[in-house]
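The values are calculated or read from the model by the stated rules, or taken from the named source; none is laboratory data. Source: prediction; values computed, not measured. So basically every Cβ, Gly included, is an ideal-geometry build from the backbone, and we count neighbours across all protein chains shown.
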Amino acid sequence: MPTKNIDLIYFNAGGGHRASALALEKSIAQSGLPWQVRLVNLTDVLDPQGTLRKYTFSPEDYYNARLARGLTIGLRHELKLLQGALRLLHPTLLKILKLHWLRTEPDLVVSLIPNFNRSLFESLTATLPGVPYVTLLTDLADFPPHFWMEQGQDQHLICGSAHAVQQALQAGFDAEKVHATSGMIIRPDFYTEPVGFDRTASLQALGFDPQHPVGVVMFGGHGSRSMLAIAERLPDVQLIFICGHNAKLATKLRALPTTAPRHVMGFTSAVAEVMRLGDFFIGKPGPGSLSEALHLGLPVIVTRNAWTMPQERYNTDWVRENGFGLVLPSFRGIEAALPTFLDDLAASRARVAAYRNRAVFEVPQILQDILRSAEQVQLDAQSLMGASTPRLFENGR
């Protein structure tokens, strides 16, 4: 049997889409499936010479810079502008993508990005009919219209929450093509504790007291200035700050006064190991970081206000409904809310421990079933054509 080419479509806006693609790539490799997985950065496909980035600006860099500064209040309106621009550019996008599919000939396409699925799906079906197209939501919910789910398209959807499944069914998608997983994709290394890991010794090595709670503060790969407000308001709480690529933020955090042990670090690929040191998590309600924290047993503290990104608003409802942590209107009140949160920490951790997310291992099986189904459809079509040819010839004699 020839090797199948499986394309995972991502871009770098926010970092979560690329992280999910990498996690899925690793899980597929570990599963032993005979596939050639190809990571496809959509930005490189649409702007291969970097013309837009060279002469104007990189949309991904602009978006990530806004996240780092916490300037997210206008993203709902900018999202509508982006979607309007994509509708105008649709013919051009189709032309570029059709050439891409003809050149690369994938056997299965998995999109891990929003907004572009109309163009991706229509270009694929126009050039390579029969090749299945899958949209894998990396958010707990859709933000309709035209975000993750494009109505009227005969494609597969993989949803990490019951709410997203219900959204898909209400949007008219075929129930047989709506696939549920137990959560969001997170990296496989979150499921394996490092050999010889000693939490107590690791905390003591960083100057922490293992007998008192330790919080892990993280706001994505580019950090956020909200971390400064948290540090200023919680000088007597043991905290680990993961600043990602934001070196200036890390420097400012290290300069702040504190009465409790504190550890500030930059980018690390060992996020799972660092989170294992914590008792609770503070951050933005992003689906990736929430899922990572919850999987490792950490109740969460997040905010929901005008600055919360529209696609992440449902996540705060999900946290509240499941008793996974605390949702604040602002981190300005975190010092007043934290004592009650810590008093209930044991009960919160018990609720979090009951949540079982195996999505990263479930998705390869779902994709295998989709691919097999598509292959069977092709075989049936070939069989039908083969059976009908002699009859047509006989009638024509």
For SER58, the lone unmet condition from (1) under 15 Å from PRO364 (Cα atoms); (2) of a type in the set (S, T, N, Q); (3) modelled with pLDDT under 95 is (1)
List, please: which pairs have Cβ atoms under 6 Å, are six or more places apart or on different chains, and start with a residue in the stretch 228-245 that is over 17 Å from GLY207 (Cβ atoms) and in the same structural domain as VAL271 (by TED's automatic domain parsing) and end with one that is buried (at least 23 other Cβ atoms within 10 Å of the Cβ) and of a type in the set (Lys, Arg)? none
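When you scan the stretch 6-27, do you find a residue that is of a type in the set (D, E, K, R), closer than 26 Å to PRO145 by Cα, at pLDDT 95 or above and out of contact with any Gly (no Cβ under 7 Å at 6 or more places or on another chain), even just one? It would help to see each step written out before you state the result.
We begin by selecting, within the stretch 6-27, every residue of a type in the set (D, E, K, R); these are 7, 18, 25-26.
In the following step, the residues that additionally are closer than 26 Å to PRO145 by Cα were identified as 7, 18.
Okay, now just the ones that are also at pLDDT 95 or above, so 7.
So of that shortlist, the ones also out of contact with any Gly (no Cβ under 7 Å at 6 or more places or on another chain) come out as 7.
Within the stretch 6-27, one or more residues are of a type in the set (D, E, K, R), closer than 26 Å to PRO145 by Cα, at pLDDT 95 or above and out of contact with any Gly (no Cβ under 7 Å at 6 or more places or on another chain).
Out of all the residues in the stretch 212-225, is one or more among the hydroxyl-bearing types (Ser, Thr, Tyr) and surrounded by fewer than 20 Cβ atoms within 10 Å (Cβ to Cβ)?
To start, the set of residues in the stretch 212-225 that are among the hydroxyl-bearing types (Ser, Thr, Tyr) comprises 224.
Narrowing the set further to residues that are surrounded by fewer than 20 Cβ atoms within 10 Å (Cβ to Cβ) leaves none.
No - not one qualifying residue is present in the stretch 212-225.
Residues being part of a loop (DSSP other than H, G, I, E, B), among the charged types (D, E, K, R) and free of Cβ contacts under 8 Å to residues at least 24 places away in the same chain: count how many of those fall in the stretch 165-204.
Here is the first cut: in the stretch 165-204, the residues part of a loop (DSSP other than H, G, I, E, B) are 171-174, 181-187, 192-198.
From the residues that got through so far, the ones that are among the charged types (D, E, K, R) too are 174, 187, 193, 198.
Adding the requirement that they be free of Cβ contacts under 8 Å to residues at least 24 places away in the same chain leaves 174, 198.
Number satisfying all stated conditions: 2.
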Do any residues in the stretch 106-123 that are free of Cβ contacts under 8 Å to residues at least 40 places away in the same chain have Cβ atoms under 6 Å from those of residues that are outside any helix (DSSP H, G or I), where the two are at least six apart or on different chains, and which pairs are they? ASN117/SER111; ASN117/THR135; ASN117/GLU150; ARG118/GLU150; PHE121/TYR133; PHE121/GLN153; PHE121/GLN155
On the basis of being touching a helix residue (DSSP H, G or I) at 6+ places or on another chain (Cβ under 8 Å) and surrounded by 23 or more Cβ atoms within 10 Å (Cβ to Cβ), does PRO310 make the cut? no
